[in-house]
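The values are calculated or read from the model by the stated rules, or taken from the named source; none is laboratory data. Nothing here was measured: the structure is a model prediction, and the numbers come from that model. Don't worry about glycine lacking a Cβ; one is built from the backbone with ideal geometry, like all the others, and counts go over all protein chains shown. SASA here: full protein model, heavy atoms, side chains in, ligands and nucleic acids out. Shrake-Rupley method; radii C 1.70, N 1.55, O 1.52, S 1.80 Å.
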Amino acid sequence: MSLTGLITELSKGMLTSVEIFTLTLVFSLPLGLFVAFGRMSKNLIIRNIFRIYISIMRGTPLILQLMVVYFGPFYIFKIPLSYAYRFQAVIIGFVLNYAAYFAEIYRGGIESISVGQYEAAKVLGYSKSQTFVRIVFPQVIKRILPSVTNEVITLIKDTSLAFVISVMEMFTMAKAFASAQTSMVPYIVAGIFYYVFNFIVASTMEWFEKKLSYFQ
Amino acid sequence: MKLLEIKNLKKSFGDLNVIKDISLSVDQGEVLSIIGPSGSGKSTLLRCATLLETIDSGELVYVGEHAVKTDENGCAVYAPPQDLKRIQRYFGLVFQNFNLFPHFSVIRNVTDALITVQKKSKEEAYEIGRNFLRKMGLLDKENAYPYQLSGGQQQRVSIARALALNPKVLFFDEPTSALDPELTGEILRVIKDLAAEHMTMVIVTHEMSFARDVSNHVIFMDGGVIVEQGCPDQVINNPQNGRTKAFLSRFEN
Ligand SMILES: Nc1ncnc2c1ncn2[C@@H]1O[C@H](COP(=O)(O)OP(=O)(O)OP(=O)(O)O)[C@@H](O)[C@H]1O
Ligand SMILES: [Mg+2]
């Protein structure tokens, strides 16, 4: 295969990687906030359920979680595995895992806001939801952005774990080409792709951080 | 007319009785100062009055409307939420450490509650907001963010923010304690101006000469009770109670 052919093929894999990346963020960022609320619930049972969830998600390898999500329905319920489910399983696995990490980041951010902010809002007549949306959350976003950036960059690299259930993202393809051609080139090209992807994402996050530097 | 009445207020944190049966009232246009040693319960009293703290028993009445009643068992019963929401609009609170919203510009700090809570139009809210900023001498700072202001300026913004909602009673909890000494004067002057306009205020302060100049009535608290009260000249210049005397002697020089 020519180098251009390789690049064209890997670009297709890259699209899948970008898809995994985007879908994971779109679902796990809001789900993470929900999990954070659960983790901070006044109800002891709810709080502990979310605590255990987070602890399992963070305490076991993502690669193993992907296997469980993909093969679980088959081993446990004898549901036949369709081809389409591969990709869905990857998204489900990533979303569940990243939501747990994001939840802890949100929680840290929310807990770092001083009670004075809540009290000022209360005396001014804000409702609880208005206080969260208008006063607390914007400040939380600014504080957690550096940690979120870390996770997001890790996510780019983690998308390659989808190879474990043979989803045709870039790493899976690079691996296949490399062994077919007994060549390092596919890995090098894939590495460059990942690096560029990372660079774009990191620059975007940096731009966000700048946008939020108008207050302290 | 009585704007605020507190009757037999009791509040404890666990085993610690912080407010032991305090009653007081504030008339329209009156300035009440509360003085007393650290830990005597002044902030707690203010926080109970502004519904930041839940009281154990007693009554809290704003403009004739009960925010809190006491049932036959002596337990505090709060009015339903929609009533509390209305009663909440009768008072404002200025905090010791300002508690401005750091992500809002000065003008948004002052106007956001008008728009979000009182549902005023942006134009109307900004007009009100600018009026109060002008009054506080901060009109040129409306687009600044809190971190760009001095402590004194931040406190003036927080006073403008409270005044913009048009409260009937304004509470201050040590409004100058977080400020450098050279900045306390500007805040005390602002409060004196408000007193001259007959704004009803309840002020917890350690500034004795200020309390004497600005208030109609002074309460000396110690150990969760009112030890002595009266006109400022009487309480601050001629205290009768030994504890008041001991406390005030620390401020003489
Ligand atoms: N949330 C709380 N939980 C437990 N104890 C509290 C709480 N808030 C206040 N206290 C206690 O209540 C007592 C009175 O505190 P308060 O803050 O009302 O005093 P203060 O008169 O305002 O003192 P200062 O002049 O230092 O501000 C103190 O002993 C304090 O430790
Ligand atoms: Mg205090």
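Principal axis analysis of the Cα atoms in the range A:29-157 yields extents of 58, 33, 24 Å, listed in decreasing size.
Accessible area buried by the pairing of A and B, both sides summed with a 1.4 Å probe, works out to roughly 2100 Å². Across all directions, the average projected area of the convex hull around the alpha carbons of the range B:18-79 is 4.7 nm². For a paramagnetic label modelled on B:Lys69 (point 7 Å from Cα along Cα→Cβ), amide N atoms under 14 Å away belong, within the range B:77-108, to B:77-81, B:83-84. Hydrophobic long helices, here whole DSSP H runs in chain B with Kyte-Doolittle means of at least 1.6 and Cα atoms spread over 15 Å or more along the helix axis, are not found. Each residue, B:Lys85 and A:Thr154, gets one label point 7 Å from its Cα in the Cβ direction; the gap between the two is 4.2 nm.
The range A:124-216 has equivalent-ellipsoid semi-axes of 41, 15, 7 Å, by the square roots of 5 times the alpha carbon gyration tensor eigenvalues, sorted largest first.
Just reorder A:Met170, A:Met14 by solvent-accessible area, largest first, 1.4 Å probe, all chains present.
The ranking, largest first, comes out as A:Met14, A:Met170.
Counting only trypsin sites (Lys or Arg not before Pro) that sit in a DSSP loop (anything but H, G, I, E, B) with at most 10 other Cβ atoms within 10 Å, what is the longest stretch of chain B containing none of them? No qualifying site falls inside B:120-249, the longest such stretch.
Set the Förster distance to 45 Å, then compute FRET efficiency between A:Arg51 and B:Asn8 from the Cβ-Cβ distance, nearest 0.05.
The value I calculate is 0.55.
The alpha carbons of the range B:75-156 stretch over 47, 30, 23 Å along the principal axes, in descending order. Remark: relative contact order (the range A:3-215) = 29 percent; criterion is Cα-Cα distance under 8 angstrom and separation of 6 or more residues. For chain B, the relative contact order comes to 25 percent (Cα pairs under 8 Å, sequence separation of at least 6).
Using protein chains only (no ligands, no nucleic acids) and a 1.4 Å probe, work out which residues of the range A:102-127 have their accessible area cut by at least 20 Å² relative to the chain alone. Buried by the other chains: A:Gly116, A:Gln117, A:Glu119, A:Ala120, A:Lys122, A:Val123, A:Leu124, A:Gly125, A:Tyr126.
Based on the Kirkwood approach, the hydrodynamic radius assigned to the range B:2-248 is 18.7 Å, with every pair of different Cα atoms included. Residues A:Thr154, B:Thr205, sorted by accessible area with the largest first, give A:Thr154, B:Thr205 [1.4 Å probe; ligands and nucleic acids excluded].
Of the trypsin sites (Lys or Arg not before Pro) found in the range A:77-144, those in coil by DSSP whose Cβ has at most 12 other Cβ atoms within 10 Å are A:Lys78. Debye-formula intensities of the range B:102-247, expressed as log10 I(q)/I(0) at q = 0.10, 0.11, 0.15 Å⁻¹, are -0.41, -0.49, -0.80 (one equal scatterer per alpha-carbon, no solvent).
In this label model, B:Phe251 and B:Asn238 are separated by 1.8 nm, measuring between points 7 Å along each Cα→Cβ vector. Each Cα pair under 8 Å and six or more residues apart adds its separation to the average, and for the range B:1-136 the resulting relative contact order is 18 percent. DSSP beta bridges fully contained in chain B are about 60 percent antiparallel.
Per 0.36 nm of contour for each residue apart, how much would the distance between A:Tyr83 and A:Glu209 grow if the chain were fully extended, relative to their Cα-Cα spacing? Net length gain for the segment: 41.4 nm. Summarise the long-distance tail of P(r) for chain A by giving the % of C-alpha pairs beyond 24 Å. Result: 53 percent of Cα pairs exceed 24 Å.
Please work out the Cα center distance from the range B:85-126 to the range B:4-37, rounded to the nearest Å. Cα centroid to Cα centroid, the span is 26 Å. Can you give me the % of accessible surface on the protein assembly as shown that is carbon or sulfur? Probe 1.4 Å, all protein chains present, nothing else counted. Carbon and sulfur atoms account for 58 percent of the accessible area of the protein assembly as shown.
Computed over chain B, the per-residue total of -39500 (n - 2.57) for DSSP H runs of n ≥ 4 gives a 222 nm mean residue ellipticity of -10000 deg cm²/dmol, rounded to 500.
Sorted largest first, the principal axis extents computed over the alpha-carbon atoms of the protein assembly as shown equal 99, 54, 43 Å. Reported value for the range A:1-85: 142 Å³ per residue, from the convex hull of its C-alpha atoms. The label point for A:Ser41 and the one for A:Ile188, both projected 7 Å from the Cα toward the Cβ, are 5.4 nm apart.
Dividing the helix sum by the residues of chain A, where each DSSP H run of 4 or more adds -39500 (n - 2.57), gives a mean residue ellipticity at 222 nm of -27000 deg cm²/dmol. Ranked from largest to smallest solvent-accessible area, with a 1.4 Å probe on the protein heavy atoms, B:Thr244, B:Thr54 come out as B:Thr54, B:Thr244. The residues of the protein assembly as shown expose on average 47 square angstrom of accessible surface per residue, using a 1.4 Å probe on protein heavy atoms. For the residue pairs B:Lys7/B:Lys192; A:Lys122/B:Lys2; A:Lys142/B:Lys141; A:Lys122/B:Lys85; B:Lys168/B:Lys192, the alpha carbons lie more than 20 Å apart in B:Lys7/B:Lys192; A:Lys122/B:Lys2; A:Lys142/B:Lys141.
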